[in-house]
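What follows is a short report on a single structure.
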Amino acid sequence: MLFNRRSSLAAGLGVAAAAGSLSSWGAQRLRIGLTPVILADQVAFLSRWGRYLSNRVGIEVDFVARESYQGILDQLFSGYIDAAWVCGYPFVRFEAKLSLLAVPLYQGQPFYQAYLIRSKTPNTQVQGWVDLKGRVLAYSDPLSNSGWLVAQAQLARFGITSRDLKRGFFTHGHQNVAEAVAARLAHAGSIDGYVWETMRVQNMPSVAKTEVIWKSEPFGFPPLVVRKGQARAQMDSLRLALLGMNNDEVGRDLLASLNLTGFVAGQASLFDSIRQQAQRVPSSGVGN
């Protein structure tokens with residue numbers, strides 16, 4: 001997903017969503033949690049998307065922005081929000097508690113890649129994962145596939161442990177990974193390729209100062225999820241609204257703002273490669 005780490009925006013969206021009482025699928029308000037979307041008109045965009053979905057679902061739809069996947073999941077499991085746009089890694093980690101709602105399509109496919117990026121400078125020594133010993137690596141989120149899990153698997157592949165790094169740190173957002181690398185606060189960064197490519201399309205300065213030196217295999221795109229056992233009728237209505245967005249002009253315009261081409265229902269098997277990767281990382285919390 002695309003993220004901008006402006007705390008004031010996240011707080012504003014949270015306050016707006018908190019205006020009503022705690023909701024459930026049977027109430028007159030539906031809340032969807034996500035990490036802040038990087039758009040110039042973020043608040044205006046989420047308001048437009050909320051109105052669009054409200055008209056199709058039949059109840060008011062709000063978005064609640066939080067700074068981390070854990071924050072979103074905490075609110076989902078507590079019942080404060082009704083659905084969440086997360087990542088494939090937390091989906092497989094908490095699969096016993098979650099059901100797929102919809103999976104975005106990026107360039108027509110429900111897949112994306114993780115990237116390793118470095119600063120675009122003449123004297124850059126980092127050519128790949130094997131060169132990260134004694135260097136600083138920027139991560140996105142502890143529950144991010146592309147922003148943490150992939151990096152752990154690749155470092156292990158080359159026999160590099162966290163102790164071999166000079167330092168590793170979380171930026172709490174993929175945009176912040178690019179900014180940290182561009183500012184040379186890190187020698188390299190593990191980032192969502194969809195986010196980096198969309199930042200490039202939007203001509204963001206930090207992307208112009210970074211370059212991709214490695215791309216992963218395709219992974220299932222970060223999905224929208226709900227708690228297992230939620231009311232079926234409302235879940236189906238929201239899924240149908242998302243799946244139908246590419247069928248009308250307003251929906252297509254909203255999708256274009258997200259650099260997406262649509263949504264599909266998706267299947268758990270889309271995330272098999274993430275599940276298998278997590279099983280190879282002892283600290284992932286995903287067992288064999």
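Bear in mind that the values in this text are calculations on the coordinates, not laboratory data. Since we're looking at a predicted model, the values are computed, not measured. Here the Cβ positions follow ideal geometry from the backbone for every residue, glycine too, while neighbour counts run over all protein chains shown.
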Check your understanding: Dipole of the range 233-283 (Lys/Arg Cβ +1, Asp/Glu Cβ -1, origin at the Cα centre): which of Q279, A268, S257 lies farthest to the positive side?
Key -> Q279
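Quick check for me: using +1 on Lys/Arg Cβ and -1 on Asp/Glu Cβ, what's the dipole size of the range 117-254 about its Cα centre, in debye to the nearest 20?
Rounded to the nearest 20 debye, it is 580 debye.
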Practice item. Springs between alpha-carbon atoms under 10 Å, Gaussian network over the chain: tell me which of E211, E60, E249 tops the mean-square fluctuations. Key: E249
Check your understanding: In the P(r) worked out for the chain, what percent of Cα pairs fall beyond 30 Å?
Key -> 28 percent
Check your understanding: So which residue, out of S68, S144, S237, gets the largest mean-square fluctuation from a GNM of the chain using Cα contacts under 10 Å as springs?
Key -> S237
Study note, to complete from the structure: Here the relative contact order (percent) of the range 114-216, from C-alpha pairs under 8 Å and at least 6 apart, is 44 percent
Revision key, fill the gap. Residue span E60 to A233: 0.36 nm per residue of separation minus Cα-Cα distance leaves a gain in nm of 60.8 nm
Check your understanding: Per 5 Å bin, what is the whole-percent P(r) computed from every C-alpha pair distance within the range 163-288?
Key -> 2, 8, 13, 15, 18, 16, 14, 8, 4, 2, 0
Study note, to complete from the structure: Square roots of five times the C-alpha gyration tensor eigenvalues of the range 114-216, ordered largest first and given in whole Å, equal 19, 15, 11
Exercise for review: Run down the aspartates and glutamates and flag those whose C-alpha is under 20 Å from the C-alpha of K97, throwing out any fewer than 8 positions away in its chain.
Suggested key: D74, D82, D236, D272
Check your understanding: Loop-only check: which chymotrypsin sites (Phe, Trp or Tyr not before Pro) in the range 156-199 are DSSP coil with at most 13 other Cβ within 10 angstrom?
Key -> F158
Point to revise | For the range 213-288: relative contact order, % (alpha-carbon pairs under 8 angstrom, 6 or more apart) | key: 27 percent
Check your understanding: Straight-line reach from K120: which lysines have Cα under 27 Å away, leaving out those fewer than 8 places along the same chain?
Key -> K133, K166, K209, K215
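If I take R0 = 35 Å and measure r between the Cβ atoms of L185 and Q28 in this structure, what FRET efficiency does the formula 1/(1 + (r/R0)^6) give, to the nearest 0.05?
The pair L185/Q28 has a calculated efficiency of 0.15.
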Review point. Helix 232-243 sits at what angle to the longest principal axis of the chain, using alpha carbons and giving 0 to 90 degrees rounded to 10?
Key: 60 degrees
Exercise for review: Specify which residue in the list I117, V212, W129 is farthest towards the positive end of the charge dipole of the range 114-216, using unit charges on the beta carbon of Lys, Arg (+1) and Asp, Glu (-1), about the Cα centre.
Suggested key: W129
**Study point:** Distance between the range 90-145 and the range 44-74 - C-alpha centres, whole angstrom
**Key:** 24 Å
Point to revise | Inter-probe distance in nm under a simple model that places probes 7 Å from Cα toward Cβ, at Q127 and L240 | key: 5.7 nm
Revision key, fill the gap. The residues V286, V250, V64, V181, sorted from fewest to most surrounding Cβ atoms within 10 Å, come out as V250, V286, V64, V181
Exercise for review: Would you mind calculating the relative contact order of the chain from Cα pairs under 8 angstrom and at least 6 residues apart, reporting the percent as a whole number?
Suggested key: 26 percent
